[in-house]
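Chemist: My questions will all concern the structure given below.
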Amino acid sequence: MKLPTTIGDLSAVVSGILLGFNLPSTAPFWMCIAGSFFMMIIVKAFFGGLGQNFINPALAGRAFLMASWPTRMIAFAQPFSKVPLISKIDAVTSPTALSIIKNGLEGEVPTKMDLFLGNVSGCIGEVSALALLIGFVYLLIRKVISWRIPVVFIGVTGLLSYAFGGSEGLFTGDFLFSILSGSLFLGAIFMATDYTTSPVTSLGQYIYAIGCGAMVFIIRKWGGYPEGVSYAIMLMNVATPLIDKITPPKKFGRRKA
Amino acid sequence: MRGKTFKGGIHPPYNKQYSKDLPIEVLDGAKEMFYPLSQHIGAFAEPVVNVGDKVFCGQVIAKAGGFVSANIHSSVSGTVTAIKPYPHPNGTEVMTIVVENDGEYKVHEYIKPNKPLEQLTPAEIVDIVKEAGIVGMGGATFPTYIKLMPPKDGAVDCVIVNGAECEPYLSSDHRVLVENTKGVLDGLKIAMKALGVTTGYVAIEDNKPDAIEIMVQCAKEYEGITVVPLKTKYPQGSEKHIIKAVTGRTVPSGGLPSSVGCVVINTDTANAINTAVVTGMPLISRVVTVGGDAIENNKNYKVRIGTPVSFVIECAGGFKKEPSKIILGGPMMGTAVSNTDVPIIKGTGAILSFTDEALRETASSKCMRCGKCVEACPMFLQPLLLGAYGKKDDIEKMKELNVMDCIECGACSYLCPGHQNPLQYIRVAKLKIGKAGKK
Amino acid sequence: MSLLKVSAPPHISTKNDTNVIMLDVIIALMPALIVGLLFLGTEQCLLLQLVRFLLYWLNICGQS
């Protein structure tokens with residue numbers, strides 16, 4: 001079947017940038033090609049293109065790369081180190097804040113101000129919470145997304161980490177650290193809010209965001225990965241049709257069935 | 001004071017600045033007048049004149065053809081030249097009485113002022129309104145006299161004049177509110193008396209501050225009438241939503257406004273009720289906004305019903321640009337006509353002509369489940385699902401999703417970034433369900 | 001006067017098309033992109049350009 005090209009709607013560009021954001025800056029270009037191929041062809045086009053994919057394409061691409069080249073995917077460059085375009089994994093890389101804590105790796109845990117401004121190692125898009133917040137405010141002003149998913153998502157992750165994430169019992173966790181580290185802001189603002197893979201009703205969006213937040217905390221605390229945002233979102237993406245089904249809006253003038 | 005409102009809805013560009021301050025001008029002079037036998041919801045009226053008969057202003061030329069129907073009157077004096085099928089604003093051909101205007105506007109001897117309001121009984125008022133052929137002039141054209149008959153359980157406790165005028169470009173109600181404030185208030189008072197209620201509201205969107213101000217001033221002299229400013233939002237003028245905003249009551253699914261004790265009448269209708277009761281003159285003219293980017297001059301005309309649209313456009317200076325669409329009514333819910341020979345009928349609130357640029361027609365792409373339609377739907381339906389099932393012609397599923405509750409405001413189709421036009425599928429489904437129900 | 005168009009209401013629609021929304025998202029991503037590039041090395045700019053270019057082509061291949 002011949003379908004019209006949908007280049008003009010720019011959604012592929014958004015997916016592309018988001019995939020790029022999810023890669024370490026040391027990633028070789030062929031990884032980008034493999035990732036985008038998987039993301040666009042397998043995840044998006046095979047399911048019918050815009051509006052039909054069931055999980056976020058950029059996250060699926062990242063998961064695919066994670067499974068295929070795990071060591072390259074965590075070869076994060078240290079900030080302000082020069083990385084050649086086609087690089088080998090070399091000495092300039094450093095672990096992320098979360099993996100330092102999780103795996104007891106050697107390295108200095110960055111300060112919260114560094115995390116906020118972006119003076120840390122990590123994926124290209126996840127380094128600066130401030131820059132992501134600026135984008136969030138812009139999206140809110142333009143009414144592209146509502147505040148519901150990002151705020152609830154980040155809030156739930158932070159609160160759960162604060163309540164149960166501390167090493168000295170309940171309510172000793174570090175709220176700010178848990179929300180500023182990792183790709184939580186990137187995920188909550190730009191990934192979880194993807195129209196296609198998030199619920200359409202406000203109640204559904206709350207449920208979805210709470211699920212995302214809880215899942216991030218669970219993966220970070222007990223999972224094998226130091227960072228769980230992408231898997232948390234993908235899990236909730238898959239749950240979206242179900243959430244949509246159980247949260248229809250209450251009809252005007254109709255009592256609850 | 002913040003205006004009251006409802007949940008959902010959209011904010012299209014209102015574009016009322018072009019005509020909102022233009023005083024109403026009286027427009028006469030069309031050579032031939034056309035009176036379709038269907039200018040209202042319900043049964044066709046039955047003609048009571050023959051070709052060659054002499055008729056006068058206000059004379060009944062067709063009698064109501066049933067309970068839900070309305071009389072039709074000649075709006076000019078002249079001679080009946082034909083009773084034939086003729087293009088109707090709804091796109092079909094409908095039996096139409098054609099009257100040649102003699103230009104003298106002689107009033108029929110039958111037309112004389114009624115007794116003062118104090119001496120009229122509710123039943124007499126209903127009778128006057130019925131005889132005057134008054135219908136809802138906001139576009140739905142439901143015969144008004146039926147609304148004014150108190151329901152058997154006597155539950156109605158308030159009357160609301162709908163001055164929301166939430167459709168973009170339209171300013172006819174606005175002008176009536178400003179220029180004929182007393183007429184509207186008197187009309188409301190009459191409706192309140194007919195229904196035996198003591199509470200009346202005039203609900204006006206807050207983008208018409210001058211109308212609100214003058215209404216508040218004048219309403220002081222009327223007992224029990226309150227002016228309610230509403231937030232400017234489309235579709236605030238929907239009957240169910242104006243009730244929600246003014247009284248906080250929710251009309252149940254499939255129910256009439258009277259089931260929550262409310263009766264809603266349009267601004268121009270209230271004015272027509274007053275005219276009919278005070279002067280005895282039936283509904284023979286209405287205020288029409290002429291606008292859009294293709295028309296030479298924006299106007300608010302008081303037009304005799306039956307005047308061809310082409311004559312009105314001519315009087316407004318014709319087109320300055322090539323029009324691609326002419327819409328009778330507002331751009332959200334009005335009907336596009338293929339032919340300007342069609343007459344102004346009782347429910348025609350505006351003649352809008354637009355060029356291609358203004359309409360900006362776009363090809364539809366895909367639904368990306370953004371949920372904007374769900375957020376905007378004032379009936380809290382899920383247009384994206386209704387549209388998707390509509391494409392598959394799955395009427396049963398659409399029924400489950402309460403497609404019949406749709407008020408066809410078009411907020412979903414307006415807002416859709418992929419231009420999916422869910423409303424189109426909803427309308428088709430509603431027609432099909434309606435037909436299946438009749439079998 | 002040429003033929004008039006007839007269609008079902010509504011006759012107007014928002015200017016917020018899919019591509020406008022996507023453009024907004026791209027604009028919103030720019031601050032993070034700039035910071036990422038500044039902190040992690042501007043060489044990546046080339047890489048991102050490459051990804052975008054390839055995506056254009058993959059999308060064409062994927063859809064038609």
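The values are calculated or read from the model by the stated rules, or taken from the named source; none is laboratory data. Values in this document were obtained by computation on a predicted structure and should not be read as measured data. Glycine also receives a Cβ, built like all others from the backbone with ideal geometry; neighbour counts cover every protein chain displayed.
Chemist: Keeping to the range B:129-158, report how many residues are within 12 Å of the chain's Cα centre (by Cα) and among the β-branched types (Val, Ile, Thr). Break it down into steps so the answer makes sense when it comes.
Modeler: Kept after step one, since they are within 12 Å of the chain's Cα centre (by Cα), are these residues of the range B:129-158: B:134-144.
If we keep only those that are among the β-branched types (Val, Ile, Thr) as well, we get B:134-135, B:141, B:144.
Residues meeting the conditions: 4.
Chemist: Among the numbered criteria (1) surrounded by fewer than 17 Cβ atoms within 10 Å (Cβ to Cβ); (2) out of contact with any Lys or Arg (no Cβ under 8 Å at 6 or more places or on another chain); (3) modelled with pLDDT under 65, which one does C:Glu43 miss?
Modeler: Result: C:Glu43 passes all but (2).
Chemist: So which residues in the range B:267-309 are within 22 Å of B:Ile61 (Cβ to Cβ) and in a helix (DSSP H, G or I)?
Modeler: Passing the criteria: B:Asp268, B:Thr269, B:Ala272, B:Ile273, B:Thr275, B:Ala276, B:Val277, B:Thr279, B:Val309.
Chemist: Might you let me know whether the range B:267-289 holds any residue that is out of contact with any Pro (no Cβ under 8 Å at 6 or more places or on another chain), of a type in the set (A, V, I, L, M, F, W, C) and within 14 Å of chain A (Cβ to nearest Cβ)?
Modeler: Narrowing the range B:267-289 to residues out of contact with any Pro (no Cβ under 8 Å at 6 or more places or on another chain): B:267-275, B:277, B:281-289.
Keeping just the survivors that are of a type in the set (A, V, I, L, M, F, W, C) gives B:270, B:272-273, B:277, B:281, B:283-284, B:287-288.
This time we only want the ones that are within 14 Å of chain A (Cβ to nearest Cβ), so: none.
No, there is no match, as no residue in the range B:267-289 is out of contact with any Pro (no Cβ under 8 Å at 6 or more places or on another chain), of a type in the set (A, V, I, L, M, F, W, C) and within 14 Å of chain A (Cβ to nearest Cβ).
Chemist: So, one more: Has the range B:318-325 got at least one residue that is in a strand (DSSP E or B), over 30 Å from B:Asn271 (Cα atoms) and modelled with pLDDT of 90 or more? Full working, then the answer.
Modeler: Residues of the range B:318-325 in a strand (DSSP E or B): B:319, B:325.
Add one more test, that the residue is over 30 Å from B:Asn271 (Cα atoms), and what stays is B:319, B:325.
Subset that is modelled with pLDDT of 90 or more: B:319, B:325.
Checked the range B:318-325: at least one residue is in a strand (DSSP E or B), over 30 Å from B:Asn271 (Cα atoms) and modelled with pLDDT of 90 or more.
Chemist: In the range A:186-199, is there at least one residue being part of a helix (DSSP H, G or I) and surrounded by fewer than 24 Cβ atoms within 10 Å (Cβ to Cβ)? Spell out the reasoning first.
Modeler: Of all residues in the range A:186-199, those part of a helix (DSSP H, G or I) come to A:186-191.
Within this subset, residues satisfying the condition of being surrounded by fewer than 24 Cβ atoms within 10 Å (Cβ to Cβ) are none.
Within the range A:186-199, not a single residue is part of a helix (DSSP H, G or I) and surrounded by fewer than 24 Cβ atoms within 10 Å (Cβ to Cβ).
Chemist: Would you mind stating whether B:Phe67 is surrounded by fewer than 20 Cβ atoms within 10 Å (Cβ to Cβ), at pLDDT below 95, part of a loop (DSSP other than H, G, I, E, B) and outside the structural domain of B:Pro229 (by TED's automatic domain parsing)? Walk me through how you get there before you give the answer.
Modeler: Values: surrounded by fewer than 20 Cβ atoms within 10 Å (Cβ to Cβ): yes; at pLDDT below 95: yes; part of a loop (DSSP other than H, G, I, E, B): yes; outside the structural domain of B:Pro229 (by TED's automatic domain parsing): yes.
Considered against the rule, which asks whether it is surrounded by fewer than 20 Cβ atoms within 10 Å (Cβ to Cβ), at pLDDT below 95, part of a loop (DSSP other than H, G, I, E, B) and outside the structural domain of B:Pro229 (by TED's automatic domain parsing), B:Phe67 comes out as yes.
Chemist: Any chance the range B:194-205 includes a residue that's part of a loop (DSSP other than H, G, I, E, B) and in contact with an Asp or Glu (Cβ under 6 Å, 6 or more places away or on another chain)? First the steps, then the outcome.
Modeler: Keep residues of the range B:194-205 that are part of a loop (DSSP other than H, G, I, E, B), which gives B:196-198.
Now narrow it down to the ones that are in contact with an Asp or Glu (Cβ under 6 Å, 6 or more places away or on another chain): B:197.
Within the range B:194-205, one or more residues are part of a loop (DSSP other than H, G, I, E, B) and in contact with an Asp or Glu (Cβ under 6 Å, 6 or more places away or on another chain).
Chemist: Can you tell me which residues in the range A:54-71 are under 21 Å from A:Val200 (Cβ atoms) and not in a helix (DSSP H, G or I)?
Modeler: Answer for the range A:54-71, where residues must be under 21 Å from A:Val200 (Cβ atoms) and not in a helix (DSSP H, G or I): A:Phe54, A:Ile55, A:Asn56.
Chemist: Still on this model: Out of A:Leu170, A:Leu159, report the one residue that is part of a helix (DSSP H, G or I), more than 28 Å from A:Ala67 (Cα to Cα) and more than 14 Å from every other protein chain (Cβ to nearest Cβ). Full working, then the answer.
Modeler: Working: A:Leu170 fails: part of a helix (DSSP H, G or I).
None of the others qualify; the one that does is A:Leu159.
Chemist: May I pose another question? Find the helices (runs of 4 or more DSSP H) located wholly in the range B:393-439 whose residues include 3 or more that are of a type in the set (Gly, Ala, Ser) and surrounded by fewer than 17 Cβ atoms within 10 Å (Cβ to Cβ), and list them.
Modeler: B:422-438
Chemist: Please state which of the following conditions B:Glu357 fails to meet, knowing it meets all the rest: (1) surrounded by fewer than 19 Cβ atoms within 10 Å (Cβ to Cβ); (2) at pLDDT 90 or above; (3) not hydrophobic (A, V, I, L, M, F, W, C).
Modeler: With respect to (1) surrounded by fewer than 19 Cβ atoms within 10 Å (Cβ to Cβ); (2) at pLDDT 90 or above; (3) not hydrophobic (A, V, I, L, M, F, W, C), B:Glu357 is out only on (2).
Chemist: Looking at the range B:1-21, which of its residues are within 16 Å of B:Leu170 (Cα to Cα) and not charged (D, E, K, R)? Reasoning before the result, please.
Modeler: Let us first name the residues in the range B:1-21 that are within 16 Å of B:Leu170 (Cα to Cα), namely B:11-21.
Correct list: B:His11, B:Pro12, B:Pro13, B:Tyr14, B:Asn15, B:Gln17, B:Tyr18, B:Ser19.
Chemist: Quick test of your reading of the structure: B:His174 fulfils all but one of (1) assigned by TED's automatic domain parsing to the domain that holds B:Val202; (2) in contact with an Asp or Glu (Cβ under 8 Å, 6 or more places away or on another chain); (3) surrounded by fewer than 22 Cβ atoms within 10 Å (Cβ to Cβ). Name the failing condition by number.
Modeler: Failed condition: (3).
Chemist: Can I ask one more? Select from the range A:18-53 the residues that are assigned to a helix (DSSP H, G or I) and in contact (Cβ under 8 Å) with a residue 60 or more places away in the chain and write down the one among them that is nearest to the other protein chains (Cβ to nearest Cβ).
Modeler: The initial filter retains those residues of the range A:18-53 that are assigned to a helix (DSSP H, G or I), namely A:18-21, A:29-47.
Checking which are in contact (Cβ under 8 Å) with a residue 60 or more places away in the chain leaves us with A:18, A:20-21.
On the way: A:Leu18: 7, A:Gly20: 5, A:Phe21: 7 Å.
Checking each candidate, the answer is A:Gly20.
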